[in-house]
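Structure incoming, see below.
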Amino acid sequence: DKGNHRHFMAKEIHEQPEVVSHTLASFIDMVGETIRLPENLPFDWAALSRVTISACGTASFAGMIAKYWFERYARLPVEVDIASEFRYREAPLDKGGLSIFVSQSGETADTLAALRYCKEQGQHTLAIVNVPTSTIAREASVMVRTLAGPEIGVASTKAFTCQLAALAGLAIGAGKARGVLSAEEESELVHALIEAPRLMAEALRLEHEIETFSRDLAKAKDVLYLGRGTSFPLSLEGALKLKEISYIHAEGYAAGELKHGPIALIDETMPVVVIAPFDTIFEKTVSNMQEVAARGGRIILMTDEAGAAAAAMTTLKTIILPSMPTILTPLVYSIPIQLLAYHTAVIIGTDVDQPRNLAKSVTVE
Ligand code: M6R
């Protein structure tokens, strides 16, 4: 049932404040503002020297974002792999180490094969899944559920933000267990997470404005997405979302990579979506943005009030989000990313929920 929405994807985008809130409630102690890690974990966070994350598509971008969190909040090195590469690479893994698998369906063939490889290598396995009865959920030693509810649209939206919520919780919990975060720092981060659904709801209110930007995007042949830090994997997700439902060619890049190649693509016909919340690396992203502007690139900037003021460029189209703690930006900026792709596809008239050549669950390699 699509409710009042034209597509399942639209419905699922709008459900995010609610389902992210459910997912958060499943592992946050709201009174104490602490993380409740899954009980009886077969490993000790403090004893781990690294974590491996394997997943495909959008789930792998959630894994890439989590890498920044585990490294920052738990000082735990993370390797993120695309499952189809990882499964054949014969990666050396320490016995007793931890491998995390992220999958909405829990049936993705490559992710399942990666899980089986890790088990053979004596790794502890933790799966973040949306379907609790799935093969990956059953075969992993620990299951963490995302409570996104059934996701029908082939383009993943609410499963992604719920994966981010779960991974943020694990990273904070790991940071506390490893003695990296104090009780005060833990509660500060948990407090921030609790704010996510409200901020996501605020971002949804920008839909009309984003739709007008989509009209411009719908005419493009190619679109570039740029970001730094956790906004880099989010730029990969933005590009994937746009290409899979609108069939416009799009690429995501780490903003700092611009001058190592992709800047050659920039001309007056090239929309460039810049994801740049006003954070410690904002200035760096802005200087990349100026390089784009100098070459006539048409910029759509996603930022907050402080970022818009600091960017001080008049030629921009700007989507202004509320300001928020850094840990929340991937969760909240996902909304304009998804809405931009969605409205572009609707304007073009593609089959948004069932894009050509794609299956919701990729059970063959
Ligand atoms: O079910 P999974 O999370 O394992 O699926 C992984 C990818 O196939 C999936 O995220 C795919 O990239 C989506 N179509 C992206 O919107």
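The values are calculated or read from the model by the stated rules, or taken from the named source; none is laboratory data. Everything quoted here is computed from the prediction, not taken from an experiment. Reconstructed Cβ throughout: ideal geometry from the backbone, glycine too, with neighbour counts over all protein chains shown.
Listed residues Ala168, Ala220; which is over 28 Å from Ser105 (Cβ atoms), more than 16 Å from the ligand (Cβ to nearest atom) and buried (at least 18 other Cβ atoms within 10 Å of the Cβ)?
Details: Ala168 fails: over 28 Å from Ser105 (Cβ atoms).
On inspection, the qualifying residue turns out to be Ala220.
Could you list all residues from region 287-310 that are assigned to a helix (DSSP H, G or I) and in contact (Cβ under 8 Å) with a residue 12 or more places away in the chain? Even if it seems obvious, please write down each step before you answer.
Residues of region 287-310 that are assigned to a helix (DSSP H, G or I), as a first pass: 287-294, 305-310.
Correct list: Asn288, Met289, Gln290, Glu291, Val292, Ala293, Glu305, Ala306, Gly307, Ala308, Ala310.
Sticking with this structure for a sec: Could you list, in sequence order, all residues of region 126-140 that are within 19 Å of Ser54 (Cβ to Cβ) and more than 12 Å from the ligand (Cβ to nearest atom)? So that I can check it myself, show each step before the final result.
Step one: list which residues in region 126-140 are within 19 Å of Ser54 (Cβ to Cβ), which gives 126-131, 134-140.
The answer is Leu126, Arg138, Glu139, Ala140.
Could you please tell me which pairs satisfy a Cβ distance under 7 Å, a separation of 6+ or placement on different chains, a first residue in region 236-257 that is in contact (Cβ under 8 Å) with a residue 60 or more places away in the chain and among the charged types (D, E, K, R), and a second residue that is within 13 Å of the ligand (Cβ to nearest atom) and outside any helix (DSSP H, G or I)?
Between residues of region 236-257 that are in contact (Cβ under 8 Å) with a residue 60 or more places away in the chain and among the charged types (D, E, K, R) and residues that are within 13 Å of the ligand (Cβ to nearest atom) and outside any helix (DSSP H, G or I), the close pairs are Lys241/Ala155; Glu244/Ala155; Glu244/Pro355; Glu244/Leu358.
Could you tell me which numbered condition Met324 fails, if it satisfies all but one of (1) surrounded by fewer than 19 Cβ atoms within 10 Å (Cβ to Cβ); (2) among the hydrophobic types (A, V, I, L, M, F, W, C); (3) away from the ligand (no atom under 16 Å from the Cβ); (4) under 20 Å from the mean Cα position of the chain (by Cα)?
(1)
What are the residues in region 68-98 that are surrounded by fewer than 21 Cβ atoms within 10 Å (Cβ to Cβ) and basic (Lys, Arg), if any?
Within region 68-98, Arg72, Arg75, Arg89, Lys95 meet the criteria.
So which pairs qualify, if the first residue must be in region 8-37 and farther than 15 Å from Ala192 by Cβ and in a loop (DSSP other than H, G, I, E, B), the second must be aliphatic (A, V, I, L, M) and at pLDDT below 95, the Cβ gap must be under 9 Å, and the two must be at least 6 apart or on different chains?
Taking only residues 6 or more apart or on different chains, not a single pair turns up.
Assess whether Arg215 counts as being out of contact with any helix residue (DSSP H, G or I) (no Cβ under 9 Å at 6 or more places or on another chain) and among the basic types (Lys, Arg).
Judged against the criteria, Arg215 is not a match.
Quick test of your reading of the structure: Lys259 fulfils all but one of (1) of a type in the set (Lys, Arg); (2) in a helix (DSSP H, G or I); (3) modelled with pLDDT of 95 or more. Name the failing condition by number.
Lys259 satisfies every listed condition except (3).
Hey, can you tell me all the residues within region 141-163 that are hydrophobic (A, V, I, L, M, F, W, C) and away from the ligand (no atom under 13 Å from the Cβ)?
Val142, Met143, Val144, Leu147 - these are the residues of region 141-163 that are hydrophobic (A, V, I, L, M, F, W, C) and away from the ligand (no atom under 13 Å from the Cβ).
Can you tell me which residue among Gly106, Gly57, Gly96, Gly63 is within 16 Å of the ligand (Cβ to nearest atom), at positive phi, in contact with a helix residue (DSSP H, G or I) (Cβ under 9 Å, 6 or more places away or on another chain) and touching a residue at least 40 places away in the same chain (Cβ under 8 Å)?
Gly57
Within region 191-235, work out how many residues are without any contact (Cβ under 8 Å) to a residue 40 or more places away in the chain and assigned to a helix (DSSP H, G or I).
Taking region 191-235 as the starting set, the residues that turn out to be without any contact (Cβ under 8 Å) to a residue 40 or more places away in the chain are 205, 208, 212, 219.
From what is left, the residues that are assigned to a helix (DSSP H, G or I) are 208, 212.
Summing the residues that are without any contact (Cβ under 8 Å) to a residue 40 or more places away in the chain and assigned to a helix (DSSP H, G or I) in region 191-235 gives 2.
Another question, if that's okay. Where the second residue is in a strand (DSSP E or B) and the first is farther than 12 Å from Leu226 by Cβ and lies in region 270-282, which pairs have Cβ atoms under 7 Å and are six or more apart or on separate chains?
Pro277/Thr303; Pro277/Asp304; Phe278/Thr303; Phe278/Asp304
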